[in-house]
Every structure is written in structure tokens, then in C-alpha cells.
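Structure record follows, encoded as C-alpha cells.
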Amino acid sequence: MKFILASQNPHKLKEMNDILSAHGIEVVLEGDVGLHVEVEETGSTFAENAMLKAKAVMEASGLPAIADDSGVCVDALNGAPGVYSARYGGPELDDAGRYRLLLENLRGQTNRTAHFISAIACIFPNGDTIEAEGICPGTIAFVPMGNGGFGYDPVFFLPQLKKTYAQLTPAEKAAVSHRGKALAVFEEKLKAYLAQQK
């Protein structure tokens with residue numbers, strides 16, 4: 001079975017394939033099948049945005065589509081950047097620009113608690129859907145650390161591991177990350193769904 005990932009992000013693709021390949025599912029980027037679907041993320045939650053993206057790509061491709069919407073929510077900023085994590089500070093900022101802006105907005109703030117959320121949505125051409133969510137609590141570091149990962153990973157600190165996401169090995173990250181947790185829930189729901197289809 002082939003799923004189209006509603007994303008241009010090769011990091012997300014690898015994380016999806018690492019888990020879903022065990023179930024005979026190949027995940028490809030929308031660009032790999034000649035699609036580039038622009039979806040306006042008008043949802044007020046990560047789950048709503050994930051479903052908007054998956055639905056648009058499924059309709060454009062006619063194949064099962066999977067989407068992830070994720071971001072970091074910082075308590076001292078009333079949950080910001082939240083669903084705007086990928087667009088924080090405007091389109092001219094890259095990943096480093098966004099996390100530097102986050103650090104600037106937290107300057108002098110002692111409460112650094114935050115959490116990452118990942119919402120995964122999958123929709124099949126027959127209209128069936130599977131949804132899953134994962135949350136990873138942590139704090140925002142005072143300075144970026146580590147060279148791995150992407151997005152806010154260099155500033156998202158896990159007190160129990162004394163490392164940022166960007167300092168974790170891929171295996172360590174998969175075990176604790178919001179997307180790893182969401183994919184674990186998704187994997188169980190997908191197994192049940194595939195068993196029903198037999």
C-alpha cells in the first residue's frame with residue numbers, strides 16, 4: 001500500500017517510513033507523485049490542520065494520504081507559537097530565525113515549560129479516517145544546542161535526558177518525541193484498520 005505524505009519535508013518522510021514500512025506501507029512525498037498541493041491551514045487545532053492537508057492530497061492523488069501537523073506550545077507565551085509554529089515570525093524566517101525569535105520572546109522569562117504536539121491524520125479514498133496525537137513535555141533552552149533534527153529541535157530541552165531534541169540520536173528521539181508517540185498510536189489504529197479490511 002502506498003500513502004502520500006502531505007508534506008515537502010524529507011525529515012517527516014523518514015520518520016513516517018521508519019515506522020510504517022513494517023506494515024508493508026510505502027510513504028512518498030506529494031512531490032514524488034507530481035503534486036504540490038497548497039493547503040490553507042485554517043484549523044484552530046493541530047488535528048484540524050492535519051486533516052485539511054490529508055484530505056486535500058487524497059482528493060488530488062486518489063490515494064490514501066497522511067499528514068502531520070505539529071508545533072511547540074510555550075506556557076509563558078499562552079501556548080504560542082502553537083499552530084503557527086511553522087509560520088512564526090512570517091515567511092521570511094527559516095528554522096533558525098524562528099527559534100531565535102522564540103528565544104527573544106522568552107528573554108528574562110524564568111518559566112520555560114513547553115510541549116511539542118503532533119497530530120496525525122490519514123484519509124482513504126473511501127472516506128475512512130484514522131487520527132492520532134502525541135505530546136512531549138519539555139522546556140525551552142536558553143541557547144540552542146545540538147546539530148540534529150529540524151525546526152525548534154535545538155531549543156526544545158528534555159530535562160529527564162538533559163539534552164535538546166537536536167542532541168538526540170534518531171532512535172532516542174523516536175522513543176520520546178511527540179511524533180514518535182503519535183506514530184505509535186497511529187500504528188496501532190492502522191493495524192486494527194488493516195485487519196478489518198482483510
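The values are calculated or read from the model by the stated rules, or taken from the named source; none is laboratory data. What you see is a predicted model, and the numbers here were worked out from it, not measured in a lab. Using ideal geometry, Cβ is built from the backbone for each residue, glycine included, and neighbour counts are taken over all protein chains shown. Only protein heavy atoms, including side chains, enter the accessible area calculation; ligands, DNA and RNA are left aside. Shrake-Rupley method; radii C 1.70, N 1.55, O 1.52, S 1.80 Å.
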Checklist line | Residue count, region 94-107 (criterion: over 20 Å from HIS11 (Cα atoms) and either open to solvent by 60 Å² or more (accessible area, probe 1.4 Å) or without any contact (Cβ under 8 Å) to a residue 40 or more places away in the chain (or both)) | finding: 6
Note to self: Can you go through LEU77, LEU52, LEU106, LEU102 and tell me which one is over 25 Å from VAL176 (Cβ atoms) and not acidic (Asp, Glu)?
What the structure shows: LEU52
Margin query: Just the residues that are open to solvent by less than 30 Å² (accessible area, probe 1.4 Å) and touching a residue at least 40 places away in the same chain (Cβ under 8 Å), please, taken from region 126-156.
Written below: ILE130, ALA132, GLY134, CYS136, ILE140, GLY151, TYR152, PRO154, VAL155, PHE156
Next item on the list: Considering each residue of region 44-57, count those that are within 15 Å of the chain's Cα centre (by Cα) and part of a loop (DSSP other than H, G, I, E, B), and give that number.
Entry: 1
Checklist line | Selection within region 68-81 - modelled with pLDDT of 95 or more and in contact with a strand residue (DSSP E or B) (Cβ under 9 Å, 6 or more places away or on another chain) | finding: GLY71, VAL72, CYS73, VAL74, ASP75, ALA76, LEU77, GLY79, ALA80, PRO81
Next item on the list: Filter region 58-81 down to the residues that are acidic (Asp, Glu) and more than 16 Å from the chain's Cα centre (by Cα), then identify the one that is surrounded by the most Cβ atoms within 10 Å (Cβ to Cβ).
Entry: ASP75
Notebook entry, point to check: Of all the residues that make up region 157-198, how many are of a type in the set (S, T, N, Q) and either buried (at least 22 other Cβ atoms within 10 Å of the Cβ) or closer than 20 Å to GLU131 by Cα (or both)?
Noted result: 4
Margin query: Suppose we filter region 8-37 for residues that are closer than 23 Å to HIS178 by Cα, part of a loop (DSSP other than H, G, I, E, B) and either open to solvent by 40 Å² or more (accessible area, probe 1.4 Å) or touching a helix residue (DSSP H, G or I) at 6+ places or on another chain (Cβ under 7 Å) (or both); how many remain?
Written below: 1
Note to self: Considering only region 82-93, I want to know if a residue exists there that is hydroxyl-bearing (Ser, Thr, Tyr), modelled with pLDDT of 90 or more and surrounded by 16 or more Cβ atoms within 10 Å (Cβ to Cβ).
What the structure shows: yes
